[in-house]
Amino acid sequence: MTPGAAPQDQPSVAALRGSAATGGRAQAPAPAVGEAEGPTATWTLDLPDEDATLALARVIAEMLRPGDLVTLSGDLGSGKSTLARALVRTLAQDPSVEVPSPTFTLIQQYDTPAGSVVHADLYRISGPDDLLELGWEEATAGAIALVEWPERAQRPLARDRLDVMLRIAPDGASHRFAVMTGFGAWADRLAIARAIRSVLAQAGWHDAGRAHLQGDASTRAYERLTKPSGATAILMISPRRPDGPAIRRGKPYSAIAHLAESVHAFVAMANGLRALDISAPEIMGADLDAGVLLVEDLGDAGVVDDGVPLPARYEAAAHVLARLHAIELPHTLPVADGIDHVIPPYDLDALMIEVELLLDWYLPANSRALPALARSQFTAAWNEVLRPVVAAKPTWALRDYHSPNLIWLPDRAEAQRLGVIDFQDTVLGHPAYDAVSLFQDARVTVPADLELKLLSAYARARQAAEADFELPAFAQAYAVLGAQRATKLLGIFTRLDRRDGKPQYLKHLPRIEAYLRRDLAHPMLAPVKAWYETHLPRLLADDAG
């Protein structure tokens, strides 16, 4: 598929190989359980035979999670029970499991690897009072609910749901089609699922198995795809980021910090890095509007071993940075025909909004309330030390150039041995930023002696390529940006715990605090250090952490 192109309608999808055919044969069904507000999305699929119905069950099962409601509507004999039975067996990962019709019992419950599944047939109920007698709320709490004849409830079962309307096609009693409609939150989920099927079909990966990968702090989702041949690829699902609340001059945090809001930046940077012989993933398929990318699988070999940095691999990563920083790099990169990505600047506003995360999250969790004067003193001190850094000649700052995003590729030559991912937030900033991201890795402890060796290796490579490389100026910017990044991360990791319910990031705080103490020893940071000594003395104590 051409990146950014909308999937084309297809008249027949016997095996559901990624069809995005919509609206060609039937209108989207009216809400099956009463009118529901909110967005909708539809996806129409031909079901010429039983295999296609089984394939539809797999498509739906891939989307389901505990708490979901799927309503199955359509005429008698249209295949609702057949589809429900296939869904239960798919979720159970057992094609032989007995799935009796709940026509008389009304509700059947199953324990599956996907969680509890409730299969209900409401044909014999007369209204909502019957649901109460059935114990509907208790039976479906936290379960995946598959409901035939949902309209018999005479009231909405849920605002957010997937409705599957089955119809017998005019050209034969055995030929059916399904109109899937996502209501509420399901609208986006269905649109993304449709885009995924289309991207995989266009790229020739429709037959691949899919396995979720452990996510990180971001909102993106990843899956590893495996073909019958054993070939693998990565599916990246990253819908456009909605704007958050305006926090300064009418802009949300993401806009001020220049965070990527769509996959356009990832595609542009991946191709830009690959053009420089740096091993970013190849883009194998894309739907830019939906935020779905199929990319090369670089593997799992990293640059650490059991939580300890591998010095040779870190040094190789340092050399990749030095080579990148020694050349003139474009500020605009192509994404697709007629679409360009302009790399934003890592300006003072972005750097400042990041350090202020410490005031908003870390400090309230670790100290008393901060007077207004202290906040203004904090911003004044940081402004003073950051302005010279912002004024320096910029390069690509990949922004998260550290161990979780570096992959070792031993079969490749020289600089290509290092795979790089998670670069969509690249900005035009000081070269020291990525250096300190790596040499003061937030996820693993880099001892001070190894940090010095890596800095020396980087500096030698820069000096060999650029006669005018000034190490003292670089070292000063390195300390400033190291302190800036550490300050930002203290705020981000506390926010991940307090706001997002991800306490696992708190274990990194002592390491980051130690890095911050290292950086604040530089004379350039005296104003910032003085502020910390006054308002966060524990942080700078010799035994802190």
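The values are calculated or read from the model by the stated rules, or taken from the named source; none is laboratory data. Quick caveat: nothing in here was measured; it's all calculated off a predicted structure. Cβ atoms come from the backbone with ideal geometry, glycine included; neighbour counts cover every protein chain shown.
Looking at (1) assigned to a strand (DSSP E or B); (2) modelled with pLDDT under 95, find the lone condition where E261 falls short.
It fails just one condition, (1).
What residue, of R189, R197, is assigned to a helix (DSSP H, G or I), touching a His at 6+ places or on another chain (Cβ under 9 Å), over 25 Å from N405 (Cα atoms) and at pLDDT below 95?
Result: R197 is the single residue among R189, R197 that is assigned to a helix (DSSP H, G or I), touching a His at 6+ places or on another chain (Cβ under 9 Å), over 25 Å from N405 (Cα atoms) and at pLDDT below 95.
If A286 meets every condition in (1) surrounded by 21 or more Cβ atoms within 10 Å (Cβ to Cβ); (2) touching a strand residue (DSSP E or B) at 6+ places or on another chain (Cβ under 6 Å); (3) in a loop (DSSP other than H, G, I, E, B) apart from one, which number is that one?
(3)
Determine whether P311 is in contact with a Leu (Cβ under 7 Å, 6 or more places away or on another chain) and more than 30 Å from A193 (Cβ to Cβ).
Answer is yes for this residue.
Out of the residues in region 144-158 that are more than 19 Å from F104 (Cα to Cα) and either charged (D, E, K, R) or in a loop (DSSP other than H, G, I, E, B) (or both), state the one that is nearest to the chain's Cα centre (by Cα).
A158
Could you check, for region 296-314, whether at least one of its residues is more than 29 Å from A461 (Cβ to Cβ) and buried (at least 16 other Cβ atoms within 10 Å of the Cβ)?
There is at least one residue in region 296-314 that is more than 29 Å from A461 (Cβ to Cβ) and buried (at least 16 other Cβ atoms within 10 Å of the Cβ).
If you take the residues of region 214-237 that are basic (K, R) and at pLDDT 95 or above, which of them is nearest to D497 (Cα to Cα)?
Restricting to residues being basic (K, R) and at pLDDT 95 or above, the top hit is R224.
Go through the residues of region 436-447 one by one and say whether even a single one is farther than 25 Å from P345 by Cβ and touching a Gly at 6+ places or on another chain (Cβ under 6 Å).
yes
Against the definition (modelled with pLDDT under 95 and under 19 Å from A486 (Cβ atoms)), how does L398 come out, yes or no?
No, not satisfied.
I want to confirm something. Restricting to region 420-439 and keeping residues that are within 20 Å of the chain's Cα centre (by Cα) and under 27 Å from P410 (Cβ atoms), which single residue is surrounded by the most Cβ atoms within 10 Å (Cβ to Cβ)?
By that ranking, first place goes to T426.
What is the one condition in (1) touching a residue at least 40 places away in the same chain (Cβ under 8 Å); (2) within 30 Å of T332 (Cβ to Cβ); (3) out of contact with any Lys or Arg (no Cβ under 8 Å at 6 or more places or on another chain) that W531 does not satisfy?
W531 satisfies every listed condition except (2).
Out of the residues in region 338-377 that are among the acidic types (D, E) and part of a helix (DSSP H, G or I), state the one that is surrounded by the fewest Cβ atoms within 10 Å (Cβ to Cβ).
Here the residue is D360.
Picking from D46, D9, D94, which residue would you name as being of a type in the set (D, E), under 18 Å from A201 (Cβ atoms) and either modelled with pLDDT of 90 or more or in contact with a strand residue (DSSP E or B) (Cβ under 6 Å, 6 or more places away or on another chain) (or both)?
When all the criteria are applied, what remains is D46.
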